[in-house]
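S.K.: Below is the structure I would like to discuss, written out as structure tokens.
The values are calculated or read from the model by the stated rules, or taken from the named source; none is laboratory data. Remember, predicted model here, so these are calculated numbers, not experimental data. Because the Cβ atoms are built from the backbone with ideal geometry, glycine has one as well, and the counts that use them run over all protein chains shown.
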Amino acid sequence: MNTANTTIYAPRRAALARHLGPQGIAILPTAPEQARNRDSDFLFRHDSYFYYLCGFTEPNAWLVITGDGQTTLFCQPKDLEREIWDGLRLGPEAALRQLGVNAAFSVAELDAKLPAMLDGRDAVWYPFATHKGLEARIDGWLGALRARVRYGTLCPQQQRDLCGVLDEMRLVKDAHEQAVMRRAGQISAGAHIRAMQRSGQMLRAGQEVREYHLDAELLHEFRRHGSQYPAYGSIVAAGANACVLHYRADAGLVRDGELVLIDAACELDGYASDITRTFPANGSFSGPQRTLYEVVLASQEAAVAATHAGARFTDPHDAAVKVLSQGMLDVGLLDKNKVGSLQDVIDKRAYFPFYMHRTGHWIGMDVHDCGAYTEPSEIGQVSTRQDALTGETIQDRPARILRPGMALTIEPGIYVRAAEGVPEQFHNIGIRIEDDAIVTDTGCELLTRDVPVTAAEIEALMR
């Protein structure tokens, strides 16, 4: 369980209860345990929605919250024999004291108690399409209730998706969440520094460097500072591997004179960080490497400047694309005689072969965090356009208006695969620069800049 003050969760449950209506009821399980192979499970990680409401990290647990603000936890009972094998359990009795819930029972009582708890409610809320088998489980409880309608039971007439309500709540981070995310960013930044320095040290010593050597440095630093897990599978991509967007740290050789792209970060107390840095394996950028790096960095700076309260979520992406497109024209990645002007490049998405992803995403409890990317107050405003590359008809709605406390990544890049017509000096160079940002009234706070970002700073660090 999170060792932070658990009183932060009670106001969240109260806010959710207000959304349910006086006679509503919400049912929310944590994540299931997953078998890895034979007698071994994957390391358990709680469900983010569940954790957001109670901070409880044990498996096999359920929350039930009613519209009048009452919270019931179903969790594993104390079992001294199983605790010898699997670790201590909090148990229902201690849960009442430590989690601040109104009632707690053994999870073995769930099926017996849920029909009665649903009786008389007008709507049952649960997360749609997130837990395999949950809908069938709820149908079973409702079926048991309907079987007793001749005895005066009342069955809920509505089923509502809990995700939408919780997504909106989670989208704006409170002071506690922001503090955890700052610390996660600091730990992750230190891990990137360690990997950069290790790469230069090993190459200067004449040692063979593999991607997994640098991955090991990242993982060591995460755990050394108390992070529970990596926030996602670390990307450590040397040379041409950096042009594979979701490449995983493997056994690739880190060669003197090539770039290394690392997209890796830790999760701390349920909150993710997300950092990408690209650096020369030996500590010194070549001319072509530096040229493209400066284009990507300038595009990120433009995106950062466009990230502030009142801006749209798409504004940072548009700002980055404009700088990247101009840079591609300037360095010869794009031939202006073929693709036309800067506006032509943007309108036709001619930059797409070298930059094919968005500039950011929400970040929080999940590395790709929940939350709508369209503005709820303008969702009825729909326009259509034809995609310049695919010809597909796209329905556009106004992008989300950024508010203080929203958290997002800012991560432009350039990826140059060897191909005919592409200047050879740029072949197999992949560059991405990514930082985490919290929106403020006047701009944004970058949480991950404890690791250098300019070419000069990176070279100085690696020396």
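S.K.: So which residues in region 304-352 are farther than 20 Å from P398 by Cβ, outside any helix (DSSP H, G or I) and free of Cβ contacts under 8 Å to residues at least 24 places away in the same chain, if there are any at all?
M.R.: Hits for region 304-352 are L334, G340, S341.
S.K.: Continuing with this model, one more query. Quick one: which residue in Y293, Y247 is in a loop (DSSP other than H, G, I, E, B), in contact with a helix residue (DSSP H, G or I) (Cβ under 6 Å, 6 or more places away or on another chain) and either assigned by TED's automatic domain parsing to the domain that holds G190 or crowded, with 23+ Cβ neighbours inside 10 Å (or both)?
M.R.: On the way: Y293 fails: in a loop (DSSP other than H, G, I, E, B).
Of the residues listed, the single one that is in a loop (DSSP other than H, G, I, E, B), in contact with a helix residue (DSSP H, G or I) (Cβ under 6 Å, 6 or more places away or on another chain) and either assigned by TED's automatic domain parsing to the domain that holds G190 or crowded, with 23+ Cβ neighbours inside 10 Å (or both) is Y247.
S.K.: Separate question: For region 375-389, enumerate the residues that are hydroxyl-bearing (S, T, Y) and either surrounded by 17 or more Cβ atoms within 10 Å (Cβ to Cβ) or over 28 Å from the mean Cα position of the chain (by Cα) (or both). Before you say what the answer is, go through the steps one by one.
M.R.: Step one: of region 375-389, the residues hydroxyl-bearing (S, T, Y) are 377, 383-384.
S383, T384, listed by residue number.
S.K.: Same structure, new question: For L99, are the conditions met, namely being buried (at least 17 other Cβ atoms within 10 Å of the Cβ) and under 19 Å from G21 (Cα atoms)? Steps first, please.
M.R.: Numbers: buried (at least 17 other Cβ atoms within 10 Å of the Cβ): yes; under 19 Å from G21 (Cα atoms): no.
The answer is no for L99.
S.K.: Still on this structure: Of all residues in region 250-269, which are surrounded by fewer than 21 Cβ atoms within 10 Å (Cβ to Cβ) and not basic (K, R)? Lay out the reasoning, then the answer.
M.R.: So the first thing to find is which residues in region 250-269 are surrounded by fewer than 21 Cβ atoms within 10 Å (Cβ to Cβ), and the list is 250-253, 255-258.
Answer for region 250-269, where residues must be surrounded by fewer than 21 Cβ atoms within 10 Å (Cβ to Cβ) and not basic (K, R): D250, A251, G252, L253, D256, G257, E258.
S.K.: Among E135, E81, E168, which is in a helix (DSSP H, G or I) and touching a strand residue (DSSP E or B) at 6+ places or on another chain (Cβ under 9 Å)? Working first, answer last.
M.R.: Details: E81 fails: touching a strand residue (DSSP E or B) at 6+ places or on another chain (Cβ under 9 Å); E168 fails: touching a strand residue (DSSP E or B) at 6+ places or on another chain (Cβ under 9 Å).
When all the criteria are applied, what remains is E135.
S.K.: When you go through F285, F222 one by one, which is the residue that is assigned by TED's automatic domain parsing to the domain that holds A418, of a type outside the set (D, E) and within 25 Å of G360 (Cα to Cα)?
M.R.: Details: F285 fails: within 25 Å of G360 (Cα to Cα).
Matching residue, one of F285, F222: F222.
S.K.: Counting only residues that are surrounded by 17 or more Cβ atoms within 10 Å (Cβ to Cβ) and either free of Cβ contacts under 8 Å to residues at least 24 places away in the same chain or among the acidic types (D, E) (or both), how many does region 168-185 have?
M.R.: Residues in region 168-185 being surrounded by 17 or more Cβ atoms within 10 Å (Cβ to Cβ) and either free of Cβ contacts under 8 Å to residues at least 24 places away in the same chain or among the acidic types (D, E) (or both): 1 in total.
S.K.: Also: Quick test of your reading of the structure: G200 fulfils all but one of (1) touching a residue at least 40 places away in the same chain (Cβ under 8 Å); (2) over 16 Å from P280 (Cα atoms). Name the failing condition by number.
M.R.: With (1) touching a residue at least 40 places away in the same chain (Cβ under 8 Å); (2) over 16 Å from P280 (Cα atoms) applied to G200, the lone miss is (2).
S.K.: Another question about this same structure. Quick one: which residue in Q34, Q23 is surrounded by fewer than 18 Cβ atoms within 10 Å (Cβ to Cβ), farther than 24 Å from S106 by Cβ and either of a type in the set (D, E) or assigned by TED's automatic domain parsing to the domain that holds A136 (or both)? I'd like the intermediate steps shown before the answer.
M.R.: Working: Q34 fails: farther than 24 Å from S106 by Cβ.
Sole residue among the options that is surrounded by fewer than 18 Cβ atoms within 10 Å (Cβ to Cβ), farther than 24 Å from S106 by Cβ and either of a type in the set (D, E) or assigned by TED's automatic domain parsing to the domain that holds A136 (or both): Q23.
A quick yes/no check of all residues on (1) within 15 Å of D274 (Cβ to Cβ); (2) among the aromatic types (F, W, Y); (3) modelled with pLDDT of 95 or more; (4) under 17 Å from the mean Cα position of the chain (by Cα):
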site	(1), (2), (3), (4)
G360	yes, no, yes, yes
V416	no, no, yes, no
P423	no, no, yes, no
D441	no, no, no, no
L447	yes, no, yes, yes
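S.K.: Take A195 and decide whether it is closer than 29 Å to L446 by Cβ and out of contact with any Cys (no Cβ under 9 Å at 6 or more places or on another chain). Can you show your working first?
M.R.: On the way: closer than 29 Å to L446 by Cβ: yes; out of contact with any Cys (no Cβ under 9 Å at 6 or more places or on another chain): yes.
For A195, the condition - closer than 29 Å to L446 by Cβ and out of contact with any Cys (no Cβ under 9 Å at 6 or more places or on another chain) - is met.
S.K.: Take residues that are closer than 23 Å to V172 by Cα and tell me which of the strands (runs of 3 or more DSSP E) falling wholly in region 375-426 contain 3 or more.
M.R.: Working: elements: 383-386, 393-396, 407-410, 413-416.
Hits in region 375-426: 407-410.
S.K.: From the list L110, L53, L73, L96, which one is among the aliphatic types (A, V, I, L, M), outside any loop (DSSP other than H, G, I, E, B) and under 24 Å from H368 (Cβ atoms)?
M.R.: Working: L110 fails: under 24 Å from H368 (Cβ atoms); L73 fails: under 24 Å from H368 (Cβ atoms); L96 fails: under 24 Å from H368 (Cβ atoms).
Result of the check over L110, L53, L73, L96: L53.
S.K.: So which of P59, P77 ends up being within 26 Å of the chain's Cα centre (by Cα) and at pLDDT 95 or above? Walk me through how you get there before you give the answer.
M.R.: Details: P77 fails: within 26 Å of the chain's Cα centre (by Cα).
After ruling out the rest, the residue left standing is P59.
S.K.: Continuing with the same structure: Does any residue of region 358-366 turn out to be assigned to a helix (DSSP H, G or I) and either touching a Phe, Trp or Tyr at 6+ places or on another chain (Cβ under 6 Å) or not aromatic (F, W, Y) (or both)? Before you say what the answer is, go through the steps one by one.
M.R.: Looking only at region 358-366, we keep the residues that are assigned to a helix (DSSP H, G or I), and these are none.
Scanning region 358-366 turns up no residue that is assigned to a helix (DSSP H, G or I) and either touching a Phe, Trp or Tyr at 6+ places or on another chain (Cβ under 6 Å) or not aromatic (F, W, Y) (or both).
S.K.: Being among the charged types (D, E, K, R), in the same structural domain as A17 (by TED's automatic domain parsing) and in contact (Cβ under 8 Å) with a residue 40 or more places away in the chain is the requirement here; does E93 meet it?
M.R.: Numbers: among the charged types (D, E, K, R): yes; in the same structural domain as A17 (by TED's automatic domain parsing): yes; in contact (Cβ under 8 Å) with a residue 40 or more places away in the chain: no.
Here the answer is no, as E93 does not meet what is asked.
S.K.: Look through R397, R449, R417, R432 and report the one residue that is without any contact (Cβ under 8 Å) to a residue 40 or more places away in the chain, assigned by TED's automatic domain parsing to the domain that holds K322, in contact with a helix residue (DSSP H, G or I) (Cβ under 9 Å, 6 or more places away or on another chain) and on the phi < 0 side of the Ramachandran plot. Explain how you work it out, then say what you get.
M.R.: Numbers: R449 fails: without any contact (Cβ under 8 Å) to a residue 40 or more places away in the chain; R417 fails: without any contact (Cβ under 8 Å) to a residue 40 or more places away in the chain; R432 fails: without any contact (Cβ under 8 Å) to a residue 40 or more places away in the chain.
Within the list R397, R449, R417, R432, the selection yields R397.
S.K.: Out of (1) assigned to a loop (DSSP other than H, G, I, E, B); (2) within 18 Å of the chain's Cα centre (by Cα); (3) not basic (K, R), the odd one out for F222 is which?
M.R.: Tallying (1) assigned to a loop (DSSP other than H, G, I, E, B); (2) within 18 Å of the chain's Cα centre (by Cα); (3) not basic (K, R), F222 fails exactly one: (1).
S.K.: Give the residue that is nearest to G257 (Cα to Cα), with candidates limited to residues of region 428-439 that are of a type outside the set (V, I, T) and under 16 Å from the mean Cα position of the chain (by Cα). So that I can check it myself, show each step before the final result.
M.R.: Step one: of region 428-439, the residues of a type outside the set (V, I, T) are 428, 430, 432, 434-437.
In the following step, the residues that additionally are under 16 Å from the mean Cα position of the chain (by Cα) were identified as 434-437.
Values: E434: 22, D435: 25, D436: 29, A437: 32 Å.
For region 428-439, the residue satisfying everything is E434.
S.K.: Could you count how many residues in region 270-290 are basic (K, R) and either surrounded by fewer than 22 Cβ atoms within 10 Å (Cβ to Cβ) or part of a loop (DSSP other than H, G, I, E, B) (or both)? It would help to see each step written out before you state the result.
M.R.: Filtering region 270-290 for residues basic (K, R) gives 277, 290.
Then keep just the ones that are either surrounded by fewer than 22 Cβ atoms within 10 Å (Cβ to Cβ) or part of a loop (DSSP other than H, G, I, E, B) (or both); that gives 290.
Final tally of qualifying residues: 1.
S.K.: Out of (1) of a type in the set (D, E, K, R); (2) exposed (fewer than 13 other Cβ atoms within 10 Å of the Cβ); (3) assigned to a helix (DSSP H, G or I), what's the single condition that is false for R198?
M.R.: Answer for R198: the failing condition is (2).
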